[in-house]
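S.K.: First, the structure itself, so that you have it in front of you.
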Amino acid sequence: MKNKIVGICICMLLMTMIPVAAGVTTNNNPQPGKIGWTTLQGITLTQPKQVNGGALISFRCLLVHYVGQGIGQRTTGIRYGGQEMVIPANFNGILMNHIILGWCIGVLEF
């Protein structure tokens, strides 16, 4: 009788551990897909600088227009007045001291 009670307790303990173990494997920080693109054009206020070990490019905007096209959704807008903009380093196009004109893979979140 004592062995049955111990066996039931161990079984119940294992059953409570299954959801905990399953929760550990879920991804709480999903990464956005590389589907779509974002085009950028405008005038920057500061020179572009690399951040995050060269994975991102940061600059301040004087007047920058962006269009993000994904699957079924389109995001447009303007950054102006010294607002900071961070784009991925896979940017394709012209990025000089005070001019930006080009596109990057993926829809950026602004």
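Bear in mind these aren't lab numbers, they're just calculated from the coordinates by the rules spelled out. Since the structure is predicted, the reported quantities are computational estimates derived from the model, not experimental observations. All Cβ positions, even for glycine, are placed from backbone atoms using ideal geometry, and neighbour counts span all protein chains on display.
S.K.: Under the rule of at least 5 residues apart or a separate chain, name every residue whose amide H is placed under 5 Å from the amide H of Gln83.
M.R.: Cys61
S.K.: By the scheme Lys and Arg +1, Asp and Glu -1, what is the net charge of all other residues having a beta-carbon under 13 Å from that of Gly42?
M.R.: Here the charged neighbours net out to +2.
S.K.: Which of the peptides 36-48, 71-83, 92-104 is most tightly packed, and how do the rest follow, judged by the mean count of other Cβ atoms within 10 Å per residue?
M.R.: 36-48, 92-104, 71-83
S.K.: Using the Karplus curve 6.51 cos²θ - 1.76 cosθ + 1.60 with θ = phi - 60°, work out ³J(HN,Hα) for each residue of segment 95-101 in order, rounded to whole Hz, and write x for Gly and Pro.
M.R.: Coupling constants for segment 95-101: 9, 9, 4, 9, 9, 10, 7 Hz.
S.K.: Then there is this: Full extension from Thr39 to Asn3: what is 0.36 nm times the residue separation minus their Cα-Cα distance, to one decimal in nm?
M.R.: Contour length minus the Cα-Cα distance gives 6.1 nm.
S.K.: Each residue of segment 45-56 in order: what ³J(HN,Hα) in whole Hz does its phi give by Karplus 6.51 cos²θ - 1.76 cosθ + 1.60, θ = phi - 60°, with x for Gly and Pro?
M.R.: 8, 10, 6, x, 10, 7, 10, 6, x, x, 7, 10
S.K.: For Gly106, what residues show an amide H to amide H distance below 5 Å, using hydrogens built from the backbone and excluding near sequence neighbours?
M.R.: Gly36, Trp37, Thr38
S.K.: For a quick check: with amide H placed at 1.01 Å from N, whose amide H comes under 5 Å from Ala89's, ignoring anything fewer than 5 positions away on the same chain?
M.R.: Correct list: Leu56, Ile57.
S.K.: Enumerate the calculated ³J(HN,Hα) couplings along segment 59-69 in order (Karplus 6.51 cos²θ - 1.76 cosθ + 1.60, θ = phi - 60°), each rounded to whole Hz, writing x wherever the residue is Gly or Pro.
M.R.: Per-residue couplings from phi come out as 7, 9, 9, 8, 7, 10, 9, 10, 9, x, 10 Hz.
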